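Student: Dropping a structure here in structure tokens format, bear with me for questions.
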Amino acid sequence: MKKRIAVLASGRGSNFQAVIEAIQDGKIPATCVALITDNPKAYAIERARNAKIPVVIIDYSMYSSRELYECALLSAMQQVKADLFVLAGYMRIIGAAIVRSFPGKMVNIHPALLPGFTGLHAQRQAVQYGVKVSGCTVHFVDESLDGGPIILQHCVAVQEEDDEDSLAERILKHEHECFPEAIKLFCEDRLEIVGRTVRIL
Ligand code: GRF
């Protein structure tokens, strides 16, 4: 049976696009039932419309507090009845109440090899630290910051001449492979969380 997936994105949505194409090509056995965004100007909205995916805009700036915003987001997430929520460049921390509502049903992509370089500007952090290898990580979302069980990681070599942008661009190409692959595994019921470890069946 095809899974229902909903994507949360705040910006350009290139990872969202990679997921859309993997679904269209029959690589991921799923239907994308919604794009949910906090940003009415996100280019991801354009991508959803082109792919005829319903868009739900929960405009962060319309809410007087983070709590009220999160209530609205939670209710939108409940309404779409997704089997999996995909955070594809969703730029806000997901609050504990939402995480607890969808245990094991939310995945995120992070542009570094976790547990290194959590939070914002991971590629800049990697360049500034001087690591020789970075990459991307797809992981389940738990209540920690970028700390949930890891599904897949891809390594990317850091060159001496790299700056944040050039490294980000090289990592992004891997994100576009790694994320659809992890979502495919989820949709095929091939991921099992055992403590901190994700077993691929
Ligand atoms: C990606 O680098 C992703 O790893 C991070 O935010 C960026 C989103 O890019 N979480 P895009 O919107 O998918 O193009």
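The values are calculated or read from the model by the stated rules, or taken from the named source; none is laboratory data. As the structure is a prediction and not an experimental result, all values here were calculated from the model. Here the Cβ positions follow ideal geometry from the backbone for every residue, glycine too, while neighbour counts run over all protein chains shown. Just so you know, the surface numbers come from the protein's heavy atoms only, side chains and all, with ligands and any DNA or RNA stripped out. Shrake-Rupley method; radii C 1.70, N 1.55, O 1.52, S 1.80 Å.
Student: Once you list every other residue whose beta carbon is under 14 Å from the beta carbon of Asp59, what net charge do they have if Lys and Arg are +1 and Asp and Glu are -1?
Tutor: Combined, the nearby Lys, Arg, Asp and Glu give +1.
Student: Suppose each label sits 7 Å from its Cα in the direction of the beta carbon; what would the Arg12-Asp163 distance come out to in nanometres?
Tutor: About 1.5 nm separates the two model spin labels.
Student: Once every DSSP H run of n ≥ 4 in the chain is given -39500 (n - 2.57) and the sum is divided by its residues, what mean residue ellipticity at 222 nm do you get, rounded to the nearest 500 deg cm²/dmol?
Tutor: The per-residue figure over the chain is -11000 deg cm²/dmol.
Student: Only sites in a loop by DSSP and with at most 11 other Cβ atoms within 10 Å count here; which trypsin sites (Lys or Arg not before Pro) in the stretch 4-89 make the cut?
Tutor: Qualifying residues, ordered by number: Lys41, Lys52, Lys81.
Student: How compact is the chain by the rule of thumb for globular proteins, expressed as Cα Rg over 2.2 N^0.38 Å?
Tutor: 0.99
Student: Once you've got the GNM for the chain with C-alpha springs shorter than 10 Å, pick whichever of Ile58, Ile28, Ile183 has the biggest mean-square fluctuation.
Tutor: Checking each option, the largest mean-square fluctuation is seen for Ile58.
Student: Pull out the extension gain between Arg66 and Glu143, defined as 0.36 nm times the separation in residues minus the alpha carbon to alpha carbon distance; nm, one decimal.
Tutor: That pair, Arg66 and Glu143, stretches by 26.1 nm at full extension.
Student: Along the charge dipole of the chain, which of Ile150, Ala48, Ser14 sits closest to the positive end, that is, farthest toward it, with unit charges on the beta carbon of Lys, Arg, Asp and Glu (+1, +1, -1, -1)?
Tutor: With unit charges placed on the Cβ atoms, the residue in question is Ala48.
Student: Cross-link list Lys41/Lys173; Lys2/Lys52; Lys27/Lys132; Lys105/Lys132; Lys2/Lys132: which exceed 29 angstrom alpha carbon to alpha carbon?
Tutor: Violating the 29 Å limit, Cα to Cα: Lys27/Lys132; Lys105/Lys132; Lys2/Lys132.
Student: While we're on this one: By accessible area of protein heavy atoms, probe 1.4 Å, what ranking do Thr37, Thr31 get, highest first?
Tutor: Listed by decreasing accessible area, they come as Thr31, Thr37.
Student: Compare Met106, Met62, Met91 in a GNM of the chain, Cα atoms joined below 10 Å, and give the one with the largest fluctuation.
Tutor: Sorting by GNM fluctuation, first place goes to Met62.
Student: Same structure, new question: Tell me, what is the percent relative contact order of the stretch 1-138, built from C-alpha pairs under 8 Å that lie six or more residues apart?
Tutor: Reported as a whole number, the value is 24 percent.
Student: Something else: Counting only protein heavy atoms and a 1.4 Å probe, tell me what percentage of the stretch 3-200's accessible area is made up of carbon and sulfur.
Tutor: 51
Student: Same structure again: Which residue, Val138, Val107, Val56, has the most motion in a Gaussian network model of the chain that connects Cα atoms within less than 10 Å?
Tutor: Top of the fluctuation ranking is Val56.
Student: Enter the accessible area per residue of the stretch 3-200 (Å², integer; probe 1.4 Å; all protein chains in place).
Tutor: 49
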